[in-house]
Amino acid sequence: MGLFDKLFGGGKKKVTKETVETRGVHMPDLNIPVDEKFTIYFKKNGGKFIYCDSFQEVSEALNNIVQENNWDNHPFFAMNPMLQERFAKENIKFTNNTNESEVFFTTCEHLIAQNGSILVCSNQLMEKKLHELPGNIIVFATTSQLVESIGEGLKKIKKKHGHSIPANITTLKHFRATNENSDDFLTYGSSSKNLYLLLLEDL
């Protein structure tokens, strides 16, 4: 079974990538699953997407990323102790100093299908702004974090945290330029990042 079969299932008429991408951003959303919609827009934004069935596959994918970019001797900047603990057995080192790293390793709050962005907040960024982060980002997320819109993601954050809503809520959206997004005027002046998404199936 192929990646897209795993993600999107079979039996229903598929909406082609071209059909989705040629519709204007203000056109009504097509009735396709959130996982398929997110994947299409995320890749259009220039992100690199790796779907994993198990944590073992996450581990293998992370090692492949390290090898591909020659990051063997480069510590990962990570601000989440739980993330560092979960990946402690991997062949990577961590640092709390952005000046010592070319890679930011993080979790996220939600994955936004509407535009292929990644919703983060002070839980991941503390007080840092996007331009202060390393140029390479690896995000570890799960399929249960997929939501349709930013509004839905914000509602879930509010429900989870109650009155202590985290600050510094923002989205990672504009990644490295691709043939599909290089002429998008909305990306001008944005903090472009080389972004990998390790997506673990947990549903």
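The values are calculated or read from the model by the stated rules, or taken from the named source; none is laboratory data. Just so we're clear, the structure is a prediction, and the values are computed from it rather than from any experiment. Backbone-built Cβ (ideal geometry, glycine too); neighbour counts: all protein chains shown. Protein only, heavy atoms only, side chains kept; ligands, DNA and RNA dropped before computing areas. Shrake-Rupley method; radii C 1.70, N 1.55, O 1.52, S 1.80 Å.
Quick rundown of the values:
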| quantity | calculated |
| --- | --- |
| Order of exposure, largest accessible area first, which applies to 203, 130 with probe 1.4 Å | 203, 130 |
| For region 46-96, alpha-carbon Rg relative to the globular expectation (2.2 N^0.38 Å, N residues) | 1.16 |
| Packing rank of 140-153, 52-65, where each peptide gets the mean count of other beta carbons within 10 Å, highest leading | 140-153, 52-65 |
| Inter-site label distance for residue 126 and residue 144 at 7 Å from Cα along Cβ, in nm | 2.8 |
| Distant alpha-carbon pairs in region 113-181 (separation over 15 angstrom), percent | 60 |
| Region 84-149: trypsin sites (Lys or Arg not before Pro) in DSSP coil with no more than 15 other Cβ atoms inside 10 Å | 89, 93, 128, 129 |
| Accessible-area ranking of 87, 94, largest first, probe 1.4 Å | 94, 87 |
